[in-house]
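Shown next, in C-alpha cells, is the structure this report addresses.
Every read-out reported here was derived from the displayed coordinates using simple, explicitly stated rules and does not represent laboratory data. The structure displayed is predicted, hence computed values, not measured ones. Please note: Cβ atoms are built from the backbone with ideal geometry, for glycine as well, and neighbour counts cover all protein chains shown.
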Number of protein chains: 2
Amino acid sequence: MSRDLRIADLRITPIAFRDGPLLNAAGIHEPWALRAIVELETSDGRVGISETYGDEPMLRVLGQARALVLGLSPFDLNRMEERVHATIRPSPGAVEFELAPGSHSAKNAAKVCSSFEVAMLDLQGQILGAPIVDLLGGAVREAVPYSAYLFFKYAEHIDSPYAPDAWGEGLSPAQIVAQARRMIDLYGFRSIKLKGGVFEPAHEIACMRALYQAFPGLPLRLDPNANWSLATSIAAAPELDELLEYYEDPTPGLTGMAELAKHTRLPLATNMVITTLDEFRGGAATGAVKVLLSDHHYWGGLRVTQTLARLCALWDLGMSMHSNSHLGISLMAMTHVAASIPNLSYACDTHYPWQEEEVIQGGRIAFEQGSVRVPTTPGLGVQLDRGRLAELHAQYLSCGVRNRDDLAQMRRYDPGFSGQNPRF
Amino acid sequence: MSRDLRIADLRITPIAFRDGPLLNAAGIHEPWALRAIVELETSDGRVGISETYGDEPMLRVLGQARALVLGLSPFDLNRMEERVHATIRPSPGAVEFELAPGSHSAKNAAKVCSSFEVAMLDLQGQILGAPIVDLLGGAVREAVPYSAYLFFKYAEHIDSPYAPDAWGEGLSPAQIVAQARRMIDLYGFRSIKLKGGVFEPAHEIACMRALYQAFPGLPLRLDPNANWSLATSIAAAPELDELLEYYEDPTPGLTGMAELAKHTRLPLATNMVITTLDEFRGGAATGAVKVLLSDHHYWGGLRVTQTLARLCALWDLGMSMHSNSHLGISLMAMTHVAASIPNLSYACDTHYPWQEEEVIQGGRIAFEQGSVRVPTTPGLGVQLDRGRLAELHAQYLSCGVRNRDDLAQMRRYDPGFSGQNPRF
C-alpha cells in the first residue's frame, strides 16, 4: 500500500434532487431535497466519496474544515477526528430544523467527521482492495434489511417544477395500505414504518390497524415525531400495543418518554431524545427508550456508530437506523456499517424509495427482498457519475432552495398551519 | 487482497520465561512467568500472532475456542467476537488470582476475543500491507511513552534455577531510587510507577518522597494494589498529594474508592474496580475514579480498548494502560492501540524491563527516551523467532509452574504470610 499518499484536494458539491410532497410533523417536504457530495482526492488521483447534508450552514462548515483534512493520509481517521473536534464549533444563528437532529449545528463537528470519515474509508478500501465493511471488522450479515418507510402525502406539490410522482395521494388508511403494497411489491420490504405526527392520532392509529390487517405478521412502527403530548401518547398506547414492534418518538423530551415508558409495554424508540454520545451518557440509564436509531451522518461516522452499538449492547438497548432524504452513497455507507453490527436488530429506515434520481454510476441501487447486498468490491463499492453530479448540481443552482424549511412550505398550502409541537 | 483466505490452523504454545523476585500485595513473583503464544495460520501459509496469559485455565479455554475461529476470514472480527461471546463461558473452579483481573475466568470470552483479534489484525495487516495502527484509524503519535515500573524486590529468588538478575535488592528508599535511576538510564522513561501494597504505608510513602526528590518534575504514581484499608488510604492521601500524578487502587472496591475520592484531591486510578465494559457502565458515574487503566488482554482486544477510550472521553476520565509480565508481542499490540487513542493521556505501564528473554525475531524491543516507536511495517511489525519459541516452550515444560501463585511462593519465604487483603 502507499503509506505516503496524502489527501490533496477536497471538493464539496451541493446537489438538489426531486422529492415528493411528503407530510410530517413539521410540515411538508419541498419539491427539492438538498445533499452535499464530498470528494477527497489523493495526490495520485484516487477519489473517495461521501454524502451528507446540503443546507447552507453545513456547506459553510465543510468549507471551514477544508484545511483540517488536506495533507492527512486517508488512514489518519483518528487525527482527523481530533482536529475537527478541536476546531469546528456550532454555527451561531444557524438555520435548524427542530425535528431533524441532522440540522443541529451543535453536531457540526460530528457531521464533518462523518463526511470525511466515509470518504477516507472509501479511499482506504480502494488502496487496500477491501470493502469498507472489512475495515470495520467484517460483515455479520450478507445483506442489510430496510423497512418500507411510508408517508402521508399529497398527490402533487403546490408548485410543479416537474411532473407528479407515481405514488399518488396517501392520506386515508386505504391509500396508506396501497402505498405500502406498492413499496413492498417494488422492493420486497419485510417491515413497515409510518411517519406520523401529521393527522389526528385516531386517524393514524386507524392507518396502523389497516396495515396490520393488510400485512399480517409484518413488524410495524409508527413515528409521530414528537408531535403528540404525553397524555395523547399514553392514551394511544393501549390501541397500539398489539400493532407495533416499537413506538418511535411519540412525545418530546427524555422526561416525557420516560414517563410514557411507565404506561406502555411497547418498546419506545428514538432518534430525537438521544442523538449524541453525550446524550446517551445521561439518557440511556433512565429507561426512557429501549431502541436507539443510529444515523452515521450526525453521530460522527461509521466507527462512532459501532461504538454506539457497543453501548447499546451494554445498556441492553435494541438498535435500528434513522434516515433522511438521501441517495445511494449514503445508502451504501449505511449498508456497510449496518452489516458490521451484530446487534443492529431491526430493519433500517431509508427514504431511498422516495427518490428517483441518482448520482452514482449504474443508477439506482437494487433491493432484494427488502435488503441491500453488502458490497464486496473495494471501498464503498459505488462511484460518482460525474454527468449526473453536474445535472444535480445544476438543479441545486436553479431550484432556489438553500435550507430545508418544511414549515414555510406547509404554510403555502395552509397559511394558518401553526407548526406548534406537540400539536396533538 | 485475498478475500477468500481462511484461517486454517490455530496453534497455542505455552511458554515460560525468567522473572525476578518482585514483591506485590499478593506475595512474590515465582522464578518463571507464563504466557501463551497464539498463532493463526491461513490456508496460504501466512501466520498472525498474539500473546496472552499462559495459565492452565486460559490454555484450556483457548483450546475450547479453536473451532470458533477456524474457517473464518482474518477480516471476520465481528463474527469471531459474536461466536466467542455466544460460546465461551467462565470456567467453574478456575484458579484465579484475586488482584489480577487478567486471571478472572468471568473474562474468558473477552480474553479469547483479544487473543484472536490481535492475531487476525496481524494477518489483515500482512495481507493489506498496512501496520495494525492504520487499521485502527491511524496513529495520533509516532511513539508511545511507557513509565518506569518499579517493584520492591529481593536480590534473589528462594530457589535458583538460574543466576540472579542484575537489579539487586530493592527494599529501601535508596534502593528504590537506584532501581529507578538504572531503569531510566537504560530506557529513558519520563514517569515512574511504584508497585506498592507490600510494606507499611509509611515506608512506601518514604520511597515516593525519595523518588520525588531524586527525580524532580517526573510524574510519579503509587499502586498499593488495594492492599490499604479505606482509613489507611485516606490517612496517606495528604502526604501523597504533592508527590503523585495519580493514586492507583489504594483500597478495594468501588465503594471504598468513591469514599476515598471525597477525601483527596488526587485523581484516583484503577485497573481493579472497573475491569469490564459492564463494570464501566455502573462505575463510571460514581466519580470513584478519574483515570482508567486499560488492558487489551482482558478488556477484549484493541477495538474494545478504543471503545473504552471513547467512553473515557465521554465520562471525562483520563486513560492509562495496565500491564502484566509480558514479552514483545504484547508490547507491540499495546503500542499499536495506544498510538491510535488521542486521550491515552498517561504513559503506559509495562513490565517489559523486568524480562530478559524474547520470542520475536531481532530480540528485545528498544525504548527511545522511554517510548516505543510505532511500527510502520505490515501487521504487528514483529515476527516469531521459532528457535526462541521452542526454547521458551521447553522452559514451560520443565519449570513446573502451571498457574501463577504469588501467595504460595511468598509462604516459602515467610510461612506466616497471611495474604490477607487489605493488609494495611
Place the label 7 angstrom along Cα→C-beta at residue A:416 and in each other copy, then list the distances from the first to the rest in nm, shortest first.
-> 9.5
Alpha carbon centroid spacing (whole Å) that separates the stretch A:250-298 from the stretch A:56-88 | 30 Å
Which ³J(HN,Hα) values in Hz, rounded to whole numbers, follow from the phi angles of the stretch A:339-351 under the Karplus curve 6.51 cos²θ - 1.76 cosθ + 1.60, where θ = phi - 60° and Gly and Pro get x?
-> 5, 8, 10, x, 8, 7, 8, 10, 4, 7, 6, 7, 7
Note the angle between two axes, namely the Cα long axis of helix A:386-399 and the longest principal axis of the Cα atoms of chain A, as a number of degrees from 0 to 90, rounded to the nearest 10.
-> 50 degrees
What is the Cα centroid distance between the stretch A:157-205 and the stretch B:321-383, reported in whole angstrom?
-> 58 Å
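Can you give the local net charge around residue A:367? Use residues other than it whose beta-carbon is closer than 12 angstrom to its beta-carbon, Lys and Arg +1, Asp and Glu -1.
It works out to a net charge of +1.
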Any chance you could run the full-extension gain for residue A:403 through residue A:98? It's 0.36 nm times the residue separation minus the Cα-Cα distance, nm to one decimal.
-> 108.5 nm
Compute the FRET efficiency between residue A:278 and residue B:356 as 1/(1 + (r/R0)^6), taking r as their Cβ-Cβ distance and R0 = 60 Å, and round to the nearest 0.05.
-> 0.80
Per-pair calculated FRET efficiency, R0 = 45 Å: residue A:315 and residue A:411 via Cβ, rounded to 0.05 | 0.65
Tell me, what ³J(HN,Hα) does each residue in the stretch A:52-57 have, in order and in whole Hz, if you take phi through Karplus 6.51 cos²θ - 1.76 cosθ + 1.60 with θ = phi - 60° and put x for Gly and Pro?
-> 8, 4, x, 6, 4, x
From DSSP H assignment alone, runs of 4+ in chain A each adding -39500 (n - 2.57), the sum over residues rounded to the nearest 500 puts [θ] at 222 nm at -11000 deg cm²/dmol
Under 5 Å from the placed amide H of residue A:143, counting only residues 5+ away or on other chains, we find A:374
So how tilted is helix A:108-128 from the main axis of chain A? Cα-based, degrees 0 to 90, rounded to 10.
-> 60 degrees
Per residue of B:333-345, what is the mean number of Cβ atoms on other protein chains within 10 angstrom of that residue's Cβ?
-> 1
Estimated FRET transfer efficiency (residue A:393, residue B:258; beta-carbon r; R0 45 Å; 0.05) = 0.20
For the stretch B:1-50 versus the stretch B:95-125, the gap between their alpha-carbon centres in whole angstrom | 11 Å
Determine the shielding of peptide A:129-141 by partner chains: average, over its residues, the number of Cβ atoms on other chains within 10 angstrom of each Cβ.
-> 6
Relative contact order (percent) for the stretch A:134-373, with alpha-carbon contacts under 8 angstrom and 6 or more residues of separation?
-> 22 percent
Spatially proximal lysines relative to residue A:153 (Cα-Cα < 25 Å; intrachain offsets below 8 disregarded) | A:193, A:195
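Below 8 Å, C-alpha to C-alpha, sequence gap of six or more: please give me the relative contact order for the stretch B:279-424 in percent.
Relative contact order of the stretch B:279-424: 18 percent.
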Taking the Cα centre of chain A as the origin and placing charges on Cβ (Lys, Arg +1; Asp, Glu -1), which of A:330, A:99, A:352 is farthest toward the positive end of the dipole?
-> A:330
Within a 10 angstrom radius of each residue's Cβ in B:302-308, how many Cβ atoms of other chains show up on average? Whole number is fine.
-> 3
List the aspartates and glutamates whose Cα lies under 14 Å from the Cα of residue B:290, skipping any in the same chain that are fewer than 8 positions away.
-> B:245, B:248, B:249, B:259, B:316
Please give the peptides A:408-420, A:55-67 ranked by average Cβ packing (other Cβ atoms within 10 Å per residue), highest first, as a rough proxy for protection.
-> A:55-67, A:408-420
Low-density loop positions, GluC sites (Glu not before Pro), the stretch A:119-170 - DSSP coil, at most 14 other Cβ in 10 Å | A:142
Which ³J(HN,Hα) values in Hz, rounded to whole numbers, follow from the phi angles of the stretch B:204-214 under the Karplus curve 6.51 cos²θ - 1.76 cosθ + 1.60, where θ = phi - 60° and Gly and Pro get x?
-> 5, 5, 4, 5, 5, 5, 4, 5, 4, 6, 7
Potential lengthening between residue B:373 and residue B:9 on full extension [0.36 nm per residue; Cα-Cα distance subtracted] | 127.9 nm
Amide H within-cut-off set for residue B:294, under 5 Å, with H built and near neighbours excluded | B:320, B:321, B:322
Percent relative contact order for chain A, counting Cα pairs under 8 Å at least six residues apart, stands at 22 percent
